[in-house]
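J.: Encoded as structure tokens, here's the structure I'll be asking about.
The values are calculated or read from the model by the stated rules, or taken from the named source; none is laboratory data. Everything numeric here is computed off the predicted structure, so don't read it as measured data. Note: ideal-geometry Cβ built from the backbone for every residue, glycine included; neighbour counts use all protein chains shown. Only protein heavy atoms, including side chains, enter the accessible area calculation; ligands, DNA and RNA are left aside. Shrake-Rupley method; radii C 1.70, N 1.55, O 1.52, S 1.80 Å.
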Amino acid sequence: MTDTKSNRHSTSRSTDQVQEGSERAGLPTSSQVQEIADLLVGEGLILPLNVLAIIADARATWQDDKGGKSAASQYRHCAHHLRQAANTLDRTEDTTDEERAATADMASAYIEAATIHAREADLTAI
């Protein structure tokens, strides 16, 4: 079982790190995470990256079952990038501001990629 307290803390920390890195580097912000959530589950829901990845995987399976191979592939790629972002933000070995900024920038790039795949999946879904 996962510890929900640490997941909540991690999710909050992840969102803060993405926002901080994005503001410095001009990279995607948490608004893109909201866009991904809107495309995957509907407007108004705010979910952690790892939960969005699970939903994207489920949508990939659903599209496979319906014959939507292109959308299924896009959903799988989206899920992969969401997991990469979540894992990157959960790194604890960053000790300097520069390392933390680089981590946030890397996570922002993964979120940008996930956003592109979510948009493509939405366009090609059956």
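Residue by residue, here is whether (1) buried (at least 17 other Cβ atoms within 10 Å of the Cβ); (2) at pLDDT below 95; (3) under 15 Å from residue 30 (Cα atoms) holds:
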{"position": "45", "(1), (2), (3)": "no, yes, yes"}
{"position": "48", "(1), (2), (3)": "yes, yes, yes"}
{"position": "64", "(1), (2), (3)": "no, no, no"}
{"position": "72", "(1), (2), (3)": "yes, no, no"}
{"position": "115", "(1), (2), (3)": "yes, no, yes"}
{"position": "120", "(1), (2), (3)": "yes, no, no"}
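J.: Report yes if residue 19 is open to solvent by 40 Å² or more (accessible area, probe 1.4 Å), in contact with a helix residue (DSSP H, G or I) (Cβ under 8 Å, 6 or more places away or on another chain), within 14 Å of residue 104 (Cβ to Cβ) and modelled with pLDDT of 55 or more, otherwise no. Quick ask: steps written out before the conclusion?
T.: Numbers: open to solvent by 40 Å² or more (accessible area, probe 1.4 Å): yes; in contact with a helix residue (DSSP H, G or I) (Cβ under 8 Å, 6 or more places away or on another chain): yes; within 14 Å of residue 104 (Cβ to Cβ): yes; modelled with pLDDT of 55 or more: no.
No, not satisfied.
J.: Checking residue 92 against (1) closer than 14 Å to residue 33 by Cα; (2) assigned to a loop (DSSP other than H, G, I, E, B); (3) open to solvent by 80 Å² or more (accessible area, probe 1.4 Å), only one condition comes out false. Which one?
T.: Failing condition for residue 92: (1).
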